[in-house]
1. Based on Cβ point charges of +1 for Lys and Arg and -1 for Asp and Glu, what charge dipole magnitude is obtained for the protein assembly as shown about its Cα centre, in debye rounded to the nearest 20?
2. Using only C-alpha positions, report the orientation-averaged shadow area of the convex hull of region C:30-324, nm², one decimal.
3. Using only C-alpha positions, report the orientation-averaged shadow area of the convex hull of region C:177-332, nm², one decimal.
4. Going toward the positive end of the dipole of region C:210-332, with +1 on Lys and Arg Cβ and -1 on Asp and Glu Cβ, which of C:V213, C:L300, C:Y290 do you reach last?
5. With just the Cα atoms of region B:2-243, tell me how far they stretch along each of the three principal axes, in Å, largest first.
6. Using amide H atoms built 1.01 Å from N in the peptide plane, name the residues 5+ places from C:T179, or on other chains, whose amide H lies under 5 Å from its own.
7. Nearest-5 percent of antiparallel DSSP beta bridges in chain C?
8. Given DSSP loops and a limit of at most 11 other Cβ atoms within 10 Å, what is the longest stretch of chain C that contains no such GluC sites (Glu not before Pro)?
Amino acid sequence: MLQIRIHGRGGQGVVTAAEMLSIAAFEQGRHAQAFPSFGSERTGAPVVAFCRFDDKEIRLREPVLAPDVLIVQDPTLLHQVDVFQGLKPDGYVLINSSRSLDEIGLADISARFRRERLTHVPATEIARAHLGRPLPNAALLGGFAALSGLVSLQAVSHAIGVKFSGRIAASNIAAAAEAFEFVRQEMQESAHAQAD
Amino acid sequence: MLKQIEGSRAVAEAVALCRPEVICAYPISPQTHIVEGLGELVKAGTLTPCEFINVESEFAAMSVAIGASAAGGRTYTATASQGLLFMCEAVYNASGLGLPIVMTVANRAIGAPINIWNDHSDSMSQRDSGWLQLFAESNQEALDMHIQAFKLGEELSMPVMVCMDGFILTHAYERADMPTQAEVDAFLPPYEPRQVLDPAEPVSIGAMVGPEAFMEVRYLAHAKQTMALERIPQIADEFAQRFGRRSGGLLSSYRCEDAETIVVALGSVVGTLQDAVDEMRDGGRKVGVLGIRSFRPFPLAAVRAALQGAQRVVVLEKSFSVGLGGVLSTDVRLALSGLLLHGYTVVAGLGGRAITKASLIRTLSQAMADQLPPLTFMDLDWGIVNRQLEREKATRRSGPIAENLLRDVGVVASKVH
Amino acid sequence: MNAPVKFYQTGTFTVGNRLLAPEQRSVQASIERSNSLNSGHRACQGCGEALGARYAVDAAMRATDRQLVAVNATGCLEVFSTPYPETSWQLPWIHSLFGNAAAVATGVAAALKVKGKTRTRVIAQGGDGGTTDIGFGCLSGMFERNDDVLYICYDNEAYMNTGVQRSSATPPAARTNTTMAVGPEPGAVFGQGKNVPLIAMAHEIPYVATATVADLRDLESKVERAMSVHGARYLHVLVPCPLGWGSASQDTIKLARLARETGIFPVFEAERGEVTAVTRIRQRVPVEAYLKPQKRFAHLFGSPGQPEMVAHIQANADRNMRRFKLLDEPEA
């Protein structure tokens, strides 16, 4: 079973992100479960949503305590919430930021995990460019597809199309594709850097 | 057809397939997505003919349902928590009159303190009302149970509550296999009322019944629920034949056959328990899970048969009778009268507190070592409880309890669970 | 001598009916009447509600060609009409709870609509308690949705079935068992009242009317008028209660007439929030004539009595007369 935890703030589409991920996994023939943490939801307050993938029925219904994947939609949370709590040693981390993890101040934390599985993507900026609004969730899913290969960009695009329609769907899909490219390039560069 | 959808949406679509004629509802978290979904289907003309009535309170919702059902309409409503309490008088009225209304209860805690998250206190408050109460363990089961509920309720002329955990099921996206209209039509015939308000054959419904006959009328309600004990498994079989999967029935039994310890529970926590049991079994421990799907009527004989081979029974429940202890465990204990085995009540998950696999394994291990008290509150923070008790000893004007505790707990949103 | 001659009927209706053309007679005059509330019910001698309900429901039955369903709130009418194991109702009838008659009626109407039974109509009935107090929320909901229900309130101005307790319809100064005639302000307090007909008008529903059991043909014609339109309709009928009012059982109709003629109970019709017709008072009567025959007002009289309270009641009646323009002609 793969467990994903998404952190963000109310109003950033964290819950929708988890739902779209579950739809993407379903599209790829897997069982998936998505649900929000049930804290006091209001715009700006920290929000957590969870998603699980598996190849058989998912019976577990506890919050994701030991995530294999961490997606952080809002880097300001890093000072407020222990987003890394429980992250598996082989875990993936994708942070919504135009700055690298080292630049954000996560060098120490990153050292505990696998370097090639941690990265950032400027999802808010990409979203602003395509949607005109700073809603980074779809873009982040595109970035996640590139980072992990655990969902395909095609499945992510399909999921976006299920949740949204018309122009909004199209621009979200474009944002996801751009974020996918960004992360793919980041990973290539960092692989070359390591090889050197 | 397989879909990846929200639990509430799955229920809305399943209810719509049952061709309800009158839907009346008042919004309350966490049921809102169900009635919104149905409202949309009616307004768009997808679900027709159907009257969708936005009522002004839950009391009105159940009352409108009573009128609609008495006039021969297949009727549906949904509520939770405070809303269920607000309609309580009408809940008893509906079952007393024998009207086969189907209602979803999106299980949520009852205040004070106000709490929108999941536990079973709401349905439990109505367990004596005469409504049948079915508990769904997953969203697939929730949607299936609604289809079965209409059939069951209409056959017996009794109302049915389908209980599903608020947020945990209602707001979770899961895979659901949605039947076709043709499949549901073949399973669920049109509603044929036993009593109906019809100018062609006038009857008076709801007259006063004195001491001469009241006991008999009430006994008949009990007799119908006793009949339901037979019908529920039969309907589950008929459902399996028609739709190709098992849902509903009286109980769900997982690895109980040779279990020394069996955990009994209701609703979605059964899934987490099954995962916990698998892990414990991997460690060589003989443990199983009994999920109760029909809570009213309570399947005393079936529960006894399922548990009598075990040495130990742990009832894990999201409900609590203040001043006594467990609610579900009291019913389970009745089923086990005369049998010699260790019994434990574990109250967990009240007000939406997460029930983790790790806590379950720890608690069950303690039970298996017989190191558990008869009544435990799982993951209770004794620190803040004792601090409050000290506060109350120290001063009379100790302030509102909830606020004191919240201050002790600290900033809630920074925690993962 | 070409001025029209006005005839005023006083006394018994029996003679009056025979002077009218058949189509103008009461529904009760016909052997074809439904007898919806059949004889044998257990109402008190002189019960205004039994009288009003019999006339109202039979009128509704005639207006709908007997395609009618009745929803009844808990109260005197429900209790005396269905004494276990009997029922006096000859139409489909349901009693659910005290506060939900309007909502249950909404449900019945909805089911009938879905089933295509467009000719079957629905009435809801309740006393003042079940309407102005505990049933108020459901009543307002039904009005706001414009559900196709005629709600008839039989107002005897207190919770009578449970032994005479005050409701929000209890008039100021009236003695009930929860507003006893003791202390410096005996009887019910002088509040601002709760005028449900006006509240119904504020909901802008198609038809609102008040009536009393003194003018039974008027009551019938208002029921007929109501059944000729669709949507939410409200009829408020004053029904004196000999037991609760402490009046003689033979005075029920007389007291209802005096309630109208003093201005205490305005009789009018309204559509969508505007008054369309008023039953004028041809000769006003001072409130004492109405109050004195009722023991629930006995503490207002005698020595020393409560002359200021009587004056206050009179002032309220005068206000009604101005507000609803109840006087027939400007006083000479």
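1. On the way: 90 positive and 98 negative charges, 331 e Å.
Here the size comes out at about 1600 debye.
2. Working: hull surface 58.9 nm².
In nm², the orientation-averaged hull projection of region C:30-324 is 14.7.
3. On the way: hull surface 41.3 nm².
Convex hull of Cα atoms, orientation-averaged projection: 10.3 nm².
4. Selected residue: C:L300.
5. 54, 46, 35
6. Here the answer is C:R166, since their amide H atoms fall under 5 Å of that of C:T179.
7. Working: 9 of 35 bridges.
Around 25 percent of the beta bridges assigned by DSSP in chain C are antiparallel ones.
8. On the way: sites that count: C:E32, C:E331.
Within chain C, the longest run free of exposed GluC sites (Glu not before Pro) spans C:33-330.
Just so you know, all these numbers are worked out from the coordinates, no wet-lab data involved. Source: prediction; values computed, not measured. All Cβ positions, even for glycine, are placed from backbone atoms using ideal geometry, and neighbour counts span all protein chains on display.
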